[in-house]
1. Name the pairs whose Cβ atoms lie under 8 Å apart, with the first residue in the stretch 15-41 and free of Cβ contacts under 8 Å to residues at least 24 places away in the same chain and of a type in the set (Phe, Trp, Tyr), the second surrounded by fewer than 11 Cβ atoms within 10 Å (Cβ to Cβ) and assigned to a loop (DSSP other than H, G, I, E, B), and 6 or more positions between them or separate chains?
Amino acid sequence: MRNPRDSGFAERRKTSAEARKQLLEKLAAASNPDAPETLAKRAAREAITAAREVRRAERERLKQEESARVSAEAAERAATAAADAKAQAEAQEADRKNRMEREAAGEAERKAERDRRYAARKARKR
């Protein structure tokens, strides 16, 4: 049984010539810048390029907004940390001053008690 698509040499040669002719017509149409197909393809490419540029610009804008938001949050955290550190330093300084005042008051009380005992002892000796 023969393959119905199996053709002779002349048929293959004819098919090859038609394909070559179609290829040349396609090339000729592509090289003509005023052909409607070429203009349509160019317009489609330009539309794709424009859409791509719009998407790129949108991504860039979103990236800048995110960067600005992150920077603002970091600055806010830094300001909060600085305020906390300042408050803690002030509290430590106030605690140190309070402790020094208590120690000074205690020292004064001990000195007054020592002086009182000394005066009492001298008063007994007289």
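The values are calculated or read from the model by the stated rules, or taken from the named source; none is laboratory data. No experiment lies behind these values; they were computed from the predicted model shown. Glycine also receives a Cβ, built like all others from the backbone with ideal geometry; neighbour counts cover every protein chain displayed.
1. none
Condition check ((1) among the acidic types (Asp, Glu); (2) at pLDDT below 95; (3) assigned to a helix (DSSP H, G or I); (4) surrounded by 10 or more Cβ atoms within 10 Å (Cβ to Cβ)) across all residues:
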residue	(1), (2), (3), (4)
Ala57	no, no, yes, yes
Lys63	no, no, yes, yes
Val70	no, no, yes, yes
Arg77	no, no, yes, yes
Lys86	no, no, yes, yes
Glu93	yes, no, yes, yes
Ala123	no, yes, yes, no
